[in-house]
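Bear in mind these aren't lab numbers, they're just calculated from the coordinates by the rules spelled out. The shown structure was predicted, so the numbers you read here are calculated from the model rather than taken from an experiment. Here the Cβ positions follow ideal geometry from the backbone for every residue, glycine too, while neighbour counts run over all protein chains shown.
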Amino acid sequence: MNHIKRLLSVALLMFALVPAMKAEDFSAKEVVLEHIKDSHEWHVTDYGEGKSLVIPLPVIVNSSTGWHVFCSSEFEHHADANGLRQGPYGLAIATEGDNAGKIVENGEPVLDLSITKTVAVMFINVAILLCCILFSARWYKNRKASDNAPGGFVGFVEMLVMYVVDDIIKPGVGKGYEKYTPYLLTCFFFIFTCNVMGLIPFPPGSGNVTGNIAVTFFLALCTFLIVQFSGNKHYWKDIFWPDVPSWLKAPIPIIPVIEFVGIFTKPFALMIRLFANMMAGHAIAVAITCIIFLVAAQTVAVQLSMSALSVIMSIFMMCLECLVCFIQAMVFTMLSAVFIGLARVEPEHE
């Protein structure tokens, strides 16, 4: 009974924080898209009448007048009649059309190397990850192998490292796995940290790093390059001249073409799997929370019941997302290890 009372209290508090509005004034689509997309500023929350708490970020662009470095706060907060948020040096942020969210000059995109929200959150995540790993490594500096196992946070990190190495990397890569352990451990902990930090709804969290296809593309590209450079003679022979009937290899190389395409479909699957799962999870969690705002103009009974339902579903989704954070990091690491192992497999001798 106490849990039900607490849940209703949370629902009432969330409803009380909703400003007076008409249902048609709220767009769940815009809220969801704002959360999952990248931007040149870090939007924290709205307050008052049309006011927003925003963290400005550095803008680094190359336009027709050269390189420019300035703060994103120099762009206008509201768009003009052309859907442009005007800024300095003849630049603007497009809010509509094909270039929405991009910095443009005379309607055309410019070379943009800005520190966007995703990049800023990624830097923060990397700093947190380095602190955690270095803090754990420091514990072992003045200790011997015969000492008692660590506890607390250091013990948790050691448990994760041993699990990934013994149950994922070693079986996947096989003999000589030690050479690939640093990269695969880095992938696991980087993805896991970014996923967990993405669940925090306020800075330094709230970033959708692994839900950004550019990030997952780079991770998949790293795995792709390592796999190709690790491939032995047997790996390349199985691609260009596999052990299948000759009519499947010449004059029309059906199987070699399929195997060659498979070189690129494997990292593509890595990229899409991580990107789609994390983006969908964030979108669903935010969409469920939006139920509270969508019923703001309804009767009190509808408001309380739907708000309570939204809180219950949000808690359920957050618990599920915590599990997904670990699973997606594990799956990416496992598949990368398997792909590397397949590239180094030796032929069976009868």
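Computed about the Cα centre, the dipole magnitude for the stretch 97-245 is approximately 620 debye when only Lys and Arg (+1) and Asp and Glu (-1) carry charge, each at its Cβ.
Just the Kirkwood number for the stretch 145-276, please: inverse of mean 1/r across all distinct Cα pairs, in Å, one decimal.
Working: mean 1/r = 0.0561 Å⁻¹.
It works out to 17.8 Å.
Counting only Cα atoms, the stretch 201-266 measures 61, 21, 13 Å along its principal axes, largest extent leading.
With a simple spin-label model that places each label point 7 Å from the Cα along the Cα-to-Cβ direction, the separation between Lys179 and Ser246 comes to 3.6 nm.
Mean 1/r over all different Cα pairs, inverted: what Kirkwood radius does the stretch 57-144 give, in Å?
Details: mean 1/r = 0.0655 Å⁻¹.
Every distinct Cα pair counted, the radius reaches 15.3 Å.
P(r) tail for the stretch 135-199: Cα pairs beyond 13 Å make up 70% of the total.
Taking each residue as 0.36 nm, the span from Ile284 to Val69 lengthens on full extension beyond its C-alpha to C-alpha distance by 73.8 nm.
Note on Tyr47 and Leu134: their simple-model spin labels are 3.4 nm apart, each label 7 Å out from Cα toward Cβ.
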